[in-house]
Number of protein chains: 2
Amino acid sequence: MAINLADKHQTTLDTAVRALHERTFFAHYPENPTPEVYGENADKEGREKYTSRLNNKFEELLQENPESWTGQEDSPYEQQPLGVKYPFFSPETLISRSEEAFHQWRKVKPADRAAILVESLERMKTRFFEIAYATMHTTGQAYMMSFQASGPHAADRALEAIASGYEEMTRFPESTEWEKPMGKYNLKLNKSWKAVPKGVALVIGCSTFPTWNTVPGMYASLVTGNPVIVKPHPKAVLPIAIVVAEVQKVLAENGLNPNICQLAVDAEDRLITKELAENPKVKLIDYTGGTEFGNYIESLKGKTVFTEKAGVNSIILDSVDDLDKVAQNLAFSVSLYSGQMCTAPQNFFIPEKGIKVGGETVPYEEVVQKLADAVTGLVNNPKAGPHILGAIQNPATTERVKGASTIGGNAVLTTCDFSNPMFANARTCSPVIYEVDASNKESYSRELFGPIMLIIKTKDTDQSIELASDMAREHGAISCGAYTTDPAVKEKIMDEMSLAGTPVSFNLTGGIFVNQNASFSDFHVTGGNPAGNASFTNPEFVIKRFTWVGFREPVVG
Amino acid sequence: MAINLADKHQTTLDTAVRALHERTFFAHYPENPTPEVYGENADKEGREKYTSRLNNKFEELLQENPESWTGQEDSPYEQQPLGVKYPFFSPETLISRSEEAFHQWRKVKPADRAAILVESLERMKTRFFEIAYATMHTTGQAYMMSFQASGPHAADRALEAIASGYEEMTRFPESTEWEKPMGKYNLKLNKSWKAVPKGVALVIGCSTFPTWNTVPGMYASLVTGNPVIVKPHPKAVLPIAIVVAEVQKVLAENGLNPNICQLAVDAEDRLITKELAENPKVKLIDYTGGTEFGNYIESLKGKTVFTEKAGVNSIILDSVDDLDKVAQNLAFSVSLYSGQMCTAPQNFFIPEKGIKVGGETVPYEEVVQKLADAVTGLVNNPKAGPHILGAIQNPATTERVKGASTIGGNAVLTTCDFSNPMFANARTCSPVIYEVDASNKESYSRELFGPIMLIIKTKDTDQSIELASDMAREHGAISCGAYTTDPAVKEKIMDEMSLAGTPVSFNLTGGIFVNQNASFSDFHVTGGNPAGNASFTNPEFVIKRFTWVGFREPVVG
């Protein structure tokens, strides 16, 4: 390598591997967009860079001879096209270039691959603000989330995948001498092992978290020696295009083929995801998005597939110390990015007899009203609302929220009109609340993507647990929040939800929310229910990307 | 636990985990059936115990209320029924008992589960000789292989699975305090994680290696907290029935439900494998056997499946030091257990211009003749032949060998008649050899189970490598032997076969054979080609059997 990147980044790698196993707080990339960390002009320069890209070709990629230029992004804040054009390549071109690059990349040692990839994250760090504005204007996330989720949090998830892959690939010896006592003599063999990458990898991105949900699979495949084709959602390309461009530059600087990591943008009249996914040369697929397409991806034969699809996330309310604090916390969770998160809660299970608050029973109706008031209070707080809700990525989400009355049940909060003082044209939508009965299972047994809160009146907490667990088992779940001061109830929730492969956050109030998962500590998605078959980042997420193959030969002499 | 098994076996477990990562020679169970290790009367007593079982009910299992008694085993050495009858249970009974046992077993800590399972192997050790005779008279293996493969080697593979599962389940902390600096204050969460087992596991055995191929999946599922239903091949029940009985006794002694590990024998008029496999409550399946049924198992939805199917194993002959030694080694490999091993070589690729022997070229025809002579020599050696060939498990194998002339090509060795001086009625068959041209791909692109050796005349070693690699990629391979004195050729073979997910043994002569894989050092099957999707024992083999689920809650005060 041009510079000795392995030396440069060994400490980062070792620290990251240790963090994976300690699972205490660890972040390599600071989440605070403060000038003290990122420099006085970083924000301004990032915004300018973003603005300068509008209505221009994105020419940073090192992929040669595009067949055409394409781009379909719109800003949810401006409701007008970004006008950025990306090079288009046919699936055949992408795959043949990937195959060619494979035979170079697979021969690079795991430690060197890991170092090259960490270096690319360091370059990405210098562009966090530009990525943040690109994220705002493709996903509709508010500024802070755009910065954190697409910048430092994504980079830490990528580092996590690199660290995990590096650890797994170096977990068995490269070679050893095997000596078996046979009585009169010893049998001696020289043995060696290779962690053999599976081949061309495809990573299919989603429209709401274009880097955060893409980089784990992308870096996991890369570190394990597989060339990657990154296929972003056509409505959210720019943030990940910047990351791919940085990876390509680091590859080229180190004498490697930049096609080891390619960007594959759909042409306006030609969607290429299925063609790529079905190509027999594609061996690995990472997918984030809707359930229907995810099930199709999982059904493809001869591929190793990692999915994150949709889930129905529950809140179980049993007993609390301070109901106001709980209501505020939950109002934030449903409002954050207008519920456009795979971890956002949807189904709130409340016993018909109410819940215990500091020993006293608060009736069901009062609990519901507290929740509705907390949502209204948050939405109408000009210092909070716009910064939490952001904008709506897809017009279909607004339609879904507006049409939520068709779910049936009682309307508790139906006004979703909300305007953003900073962006007059923003597509916005605040949470609506409907109340349904536990018996009306159909109404709450699918994901209603967006700020839709369903309150489900149950007989008691046991029924709440049973329903939350059934939902997770049958329809998937990525998060669960539970409020109880009773250790026996807590134990029961842990047991039932663990069998449904769903992590549980207990009694969250204050500045930590059920939607948030910390790199190096919280596994994101368990793989244990229909919400997805993969987990950021457990060992399975990397080891399925390569095969251990052994060689042996008698020791001569 | 009644006795403190965790203390008793901790050293064994720790040593086994270390051995997995050192991959030097390690065996916990001695493979030599010598009185010094196993006691003066062990062999005699084992034989007597075996004999006493014939024409009797097998009443050692702790599974209550059988619906009927069933048994279909025949001895390949005697060609008459064993007459052992096993309890029959319907799939519904087996699965509902398994579900019930699950909720007890999953709550036992991984270290305690591991200790209980190691204890069961120690009990199995006391019955190695009985298992050996049971294996001889169900599979047709010769005595030495029956002892080693079904006894110590199987127990070591089981210990390997226990060690790997124990390691993976204890690889992340049970709990930790997570503290995130937020500037003015710190966010503090108590976090904990559970490795949650997936549920009822089914292990489907094969007729040729009833314990060796069953215990890895069985112990891997058990150690990770899943209850197991062991479904043996109806023709090879007794060896694994003894193992299951020992597991059940240790479970019961420790106050646990013996149904944590059940034996499921087919009734004569009712095969139950598909009914078990398709039951939605069955979450994990381990399968060893033919490709067609294996593909069906792999196609089942909603299951995590581990398979070992069939492969087409190659020998590549390029250049050698001593052709006689090579021919003897290969003759042994094709003759061992009459080729009824998944690791037995079938396709021998030899360049039409011959091979280099110590610098001189030996013509193709002479190489073929040497191989044929070595096979004939071995078969006709009364001190070797019967002890290596054993008997034929399935009459269909004999038919296949006898009908091998229909493959096409030149007959080199067609006499497969062979009689065993110790068992006059034994079903036997020695290797046949046919010569086919490289262009006649169809003739050598499927597994011909049994002692069938195909010699494929190639243009040169490059074509040999290409064809061996194609075969592995398209039809699967579990082993590959290669003979070359040229480092560049060796490098090329390693590279090509590694991409085809096939381990390679180079230049084996003397007392080590391509068919043999050592526990704790050689991964058995890579999972990287159609011969199977699982590997004994890489981390993937155990981690897919459970899910990591996390819990968190603010630190109070």
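The table for this structure:
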{"item": "Distance cut-off 53 Å, percentage of C-alpha pairs in the protein assembly as shown lying past it", "result": "25"}
{"item": "Non-local Lys pairs in region A:456-557, i.e. 8 or more apart or on different chains, that have alpha carbons under 22 Å apart", "result": "4"}
{"item": "Over region A:435-480, relative contact order from alpha-carbon pairs under 8 Å, at least 6 apart, %", "result": "40"}
{"item": "Computed over region B:314-506, Cα set: Rg, Dmax in Å", "result": "16.0, 51"}
{"item": "Gap separating the Cα centres of region A:326-365 and region A:194-220, nearest whole Å", "result": "34"}
{"item": "Alpha-carbon centroid distance for the pair region A:369-391 / region B:1-69, whole angstrom", "result": "66"}
{"item": "Placed amide H near A:G354: partners under 5 Å, 5+ positions off or other chain", "result": "A:Y364"}
{"item": "Entries in A:K370/B:K184; A:K198/B:K107; A:K235/A:K370; A:K356/B:K191 that, when Cα-Cα distance is taken, lie over 31 Å", "result": "A:K198/B:K107; A:K235/A:K370"}
{"item": "At 7 Å out from Cα toward Cβ: B:N440 inter-copy label distances (nm, ascending)", "result": "7.4"}
{"item": "Label geometry 7 Å along the beta-carbon vector: B:N190 inter-copy distances in nm", "result": "5.6"}
{"item": "Among A:T34, B:F58, A:S319 - extreme Cα towards positive end, dipole of the protein assembly as shown, charges at beta-carbon", "result": "A:T34"}
{"item": "Distance in nm between pseudo-label sites at B:M144 and A:E177 (7 Å out along the Cβ direction from Cα)", "result": "2.7"}
{"item": "Value of relative contact order over chain A, rounded to a whole percent, pairs C-alpha under 8 Å and six or more apart", "result": "18"}
{"item": "Per-residue average of Cβ from other chains inside 10 Å of B:512-520", "result": "2"}
{"item": "Descending principal axes extents, chain A, alpha-carbon based, whole Å", "result": "84, 69, 46"}
{"item": "Cα-centre dipole for region A:314-506 with unit charges at Cβ (Lys and Arg positive, Asp and Glu negative), debye to 20", "result": "700"}
{"item": "Lys, Arg +1 and Asp, Glu -1 on Cβ, resulting dipole of chain A about Cα centre, debye, nearest 20", "result": "1660"}
{"item": "Over region A:180-266, volume per residue of the alpha carbon convex hull, in Å³", "result": "117"}
{"item": "Closest approach to the B/A rotation axis among chain B Cβ atoms, residue and whole-Å value", "result": "B:P539, 3"}
{"item": "Top positive-direction residue, dipole computed over region B:321-441 with Cβ charges, set B:T376, B:N394, B:N347", "result": "B:N394"}
{"item": "Net charge of Cβ neighbours under 10 Å - reference A:L284; Lys, Arg +1; Asp, Glu -1", "result": "+4"}
{"item": "At R0 = 25 Å, FRET efficiency that the Cβ-Cβ distance of B:D112 and A:E22 yields, to 0.05", "result": "0.50"}
{"item": "Pseudo-label separations to other copies for A:T414 - Cα-to-Cβ vector, 7 Å, nm", "result": "8.9"}
{"item": "At 1.306 mPa s and 10 °C, Stokes D of region A:35-143 from Kirkwood alpha-carbon radius, µm² per second", "result": "96"}
{"item": "Charged-residue dipole, Cβ positions (Lys, Arg, Asp, Glu), the protein assembly as shown about Cα centre, Debye nearest 20", "result": "100"}
{"item": "Long-range amide H partners of A:V196 with built H, under 5 Å", "result": "A:T547, A:W548, A:V549"}
{"item": "Charge-dipole axis of region A:402-554 as Lys and Arg at +1 and Asp and Glu at -1 on Cβ define it, positive-most pick from A:F423, A:T485, A:Q463", "result": "A:F423"}
{"item": "Average partner coverage of A:495-508, which counts Cβ from other chains inside 10 Å", "result": "5"}
{"item": "Average Cα contact separation per residue, region B:311-453, under 8 Å, 6 or more apart, as relative contact order %", "result": "29"}
{"item": "Computed E for B:L54/A:Y185 - FRET, C-beta separation, R0 60 angstrom, nearest 0.05", "result": "0.90"}
{"item": "For A:185-193, mean number of other protein chain Cβ atoms within 10 Å", "result": "4"}
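Every read-out reported here was derived from the displayed coordinates using simple, explicitly stated rules and does not represent laboratory data. Predicted model only: the values in this text are computed from it and were never measured. Every residue, glycine among them, receives a Cβ derived from its backbone with ideal geometry; neighbour counts consider all protein chains shown.
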